[in-house]
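Here's the structure we're looking at; comments come further down.
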Amino acid sequence: MEDKIINEQDLENWRRTHYSHQVNGSTIDKLIIIMGWISSKRDHGNVLFIQLRDKFGDIQIVVKKGKENSENRVFDILKNLKEHSSVGIKGKVVEQKKSPNCVEVIPHEIKVLSVSAKSAPFLTNSISTIGIDTRLELRALDLRRNYLQNIFRIRFTILNSVREFLTKNHFIEVNTPKMISTATEGGAALFPIFYYDKEAFLAQSPQLYKEQLTMAFENVFEIAPIFRAEPSRTNRHLSEAISIDIEKAFVNYYDIMDLLDELISYIILRTKEVNSIELKNLDIELSEIKIPFPRHTYSELIDKLQKSHKYIRWGDDISPKILKDVIGDDFYYIVDWPLSTKPFYVKSKINSDAAVSKSDSPVDSSESENMMVSESFDLMFGPLELSSGSTRVNNKNVLLDSMKKKGLNSAAFDYHLRVFDYGIPPHAGFGLGLERLIMALLKVENIRDTTFYPRDIDRLTP
Ligand code: ATP
Ligand code: MN
């Protein structure tokens, strides 16, 4: 087909009268204006079938080569327009049993609003055989693909349901600074920035601020980016991720696990209600989940893992790869992690007999310290970590001591520590990775397809 130059036109006084889902049996014989982009096109010589897509879906346009000039203008333009071009169509609705909405539109007039100058590397229905890097180069276009449309519509439902659930449970939403002066999760993964004439950092988590806010509001949550200079290339790490963070006063980590159980189950319930079509398109069946999710202690898992992996020692982090051997593909917790594997603000578990049972001979104090257990949990989905939570230290001296042991300069945390002189209540909470949760629920292999514009070690654009 020869490429003709088609002139783009202004919107002027054209406005859409109907979205695609409003074009149905009740609009037959009406003259309507629809707007959208061409999602697919079948050319049968003298007849063209066009799918025009708007935010609600597709509507079929049928145009035949006619006898009159005005008809042929529309035909010629549509014949030459490439997929993805944006148009407005004024036309008549007619019955068509074979089309998905049982109607189609016969165009009388067309307004070409934006021409797709090149043949796009992917159409809305293409399945991603194209590598993610190629797709990211044209991400906004990539996001028009059906697969990603389904994912991002569900993402929106997840965010809405988190807000609904936490609002019902008497949490208030807060926002905390993203430009900060000190690390919270250990120094390694910070992004330094210029803050006027000082060095500052992008926040790795809202941890210390949300803890402080329990003092004023008891139950708080924040949905916001966290920034981590992750050194490795994996399919589950981003440099900028969205964290769903909560913190609650006068409870411990067991209460927080109960809350997280209910949150996940509410998200699944709402997603099934709101996004049944998207789930079907993705071929995902969100089965009924049973809460509470199983809670395995860290020590139990290490014992199991040691049977097949002799080199694993109590105190090691557990890598996702080896977890596959002992765990199914579902939600569960790993609780009571060694204190040494957790950040300084995590509370130690008193009266724990883990230290005793792990050692046959009497231990010196530094060794028994190494065996200390914390009031902590990770929520897992198969080998994937979704969330970490814990009871927090709320005593200033204990916190100071813990900072010292982790080699942190407590003076740098003075802005935080001073609050502890004024009765900060006992509190506990978690951080839940939004992108990780989407990966788990929708079986997305690469975390980059759960966020609009992924950031990683190789990528700062688009
Ligand atoms: P991982 O061990 O998987 O790197 P983490 O233990 O370092 O994660 P936490 O500090 O516990 O992460 O953060 C709480 C949650 O935030 C994690 O369970 C995860 O869901 C999410 N998260 C943390 N870092 C990232 C990241 N780089 N990309 C995406 N999500 C992340
Ligand atoms: Mn963690």
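Some points to look at:
- Residue identified as farther than 27 Å from ILE318 by Cα, crowded, with 19+ Cβ neighbours inside 10 Å and among the charged types (D, E, K, R) among GLU278, GLU247: GLU278
- Against the conditions (1) outside the structural domain of PHE227 (by TED's automatic domain parsing); (2) closer than 24 Å to TYR254 by Cβ, PRO425 satisfies every one except (1).
- Selection of strands (runs of 3 or more DSSP E) fully inside the stretch 198-277 by the criterion of at least 1 residues being out of contact with any strand residue (DSSP E or B) (no Cβ under 9 Å at 6 or more places or on another chain) and among the β-branched types (Val, Ile, Thr) returns nothing.
- Which listed residue, of ASP421, ASP456, ASP449, is within 10 Å of ligand 1 (Cβ to nearest atom) and touching a residue at least 24 places away in the same chain (Cβ under 8 Å): ASP456
Quick grid of which residues meet (1) over 19 Å from the mean Cα position of the chain (by Cα); (2) modelled with pLDDT of 95 or more:
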{"position": "VAL115", "(1), (2)": "yes, yes"}
{"position": "ALA120", "(1), (2)": "yes, no"}
{"position": "ALA140", "(1), (2)": "no, yes"}
{"position": "ARG144", "(1), (2)": "no, yes"}
{"position": "ILE151", "(1), (2)": "no, yes"}
{"position": "ARG163", "(1), (2)": "no, yes"}
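Each row is one residue, and each column tells you yes or no for (1) more than 20 Å from THR391 (Cβ to Cβ); (2) among the aromatic types (Phe, Trp, Tyr).
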site	(1), (2)
ASP414	yes, no
ARG418	yes, no
ILE424	no, no
HIS427	no, no
LEU434	yes, no
ILE447	yes, no
TYR453	yes, yes
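- Within the stretch 428-462, the residues that satisfy the criterion of being under 29 Å from PHE171 (Cα atoms), among the aliphatic types (A, V, I, L, M) and touching a helix residue (DSSP H, G or I) at 6+ places or on another chain (Cβ under 8 Å) are ALA428, LEU432, LEU434, LEU437, ILE438, MET439, LEU441, LEU442, ILE447.
- Here GLU199 fulfils each of the conditions (1) acidic (Asp, Glu); (2) modelled with pLDDT under 95; (3) surrounded by 14 or more Cβ atoms within 10 Å (Cβ to Cβ) apart from (3).
- Scanning the stretch 264-278 for residues that are over 11 Å from PHE165 (Cα atoms) and of a type in the set (D, E, K, R) yields LYS272, GLU273, GLU278.
- Contact map, the stretch 269-297: first residue touching a residue at least 24 places away in the same chain (Cβ under 8 Å), second residue loosely packed, with under 13 Cβ neighbours inside 10 Å, Cβ cut-off under 7 Å, separation 6 or more or different chains; pairs are ILE284/LYS443.
- Matching strands (runs of 3 or more DSSP E) fully within the stretch 27-120 where at least 1 residues are without any contact (Cβ under 8 Å) to a residue 40 or more places away in the chain and among the basic types (Lys, Arg): 31-43, 57-64
- Flag if SER387 is in contact with a strand residue (DSSP E or B) (Cβ under 7 Å, 6 or more places away or on another chain) and either within 10 Å of ligand 1 (Cβ to nearest atom) or assigned by TED's automatic domain parsing to the domain that holds SER265 (or both): yes
- Here LEU408 fulfils each of the conditions (1) modelled with pLDDT under 95; (2) more than 16 Å from ligand 2 (Cβ to nearest atom); (3) in contact with a helix residue (DSSP H, G or I) (Cβ under 6 Å, 6 or more places away or on another chain) apart from (3).
The values are calculated or read from the model by the stated rules, or taken from the named source; none is laboratory data. Computed from a prediction, not measured in an experiment: that's the story for all the values here. When we count neighbours, we look across all protein chains shown, and the Cβ atoms used for this are built from the backbone with ideal geometry, even at glycine.
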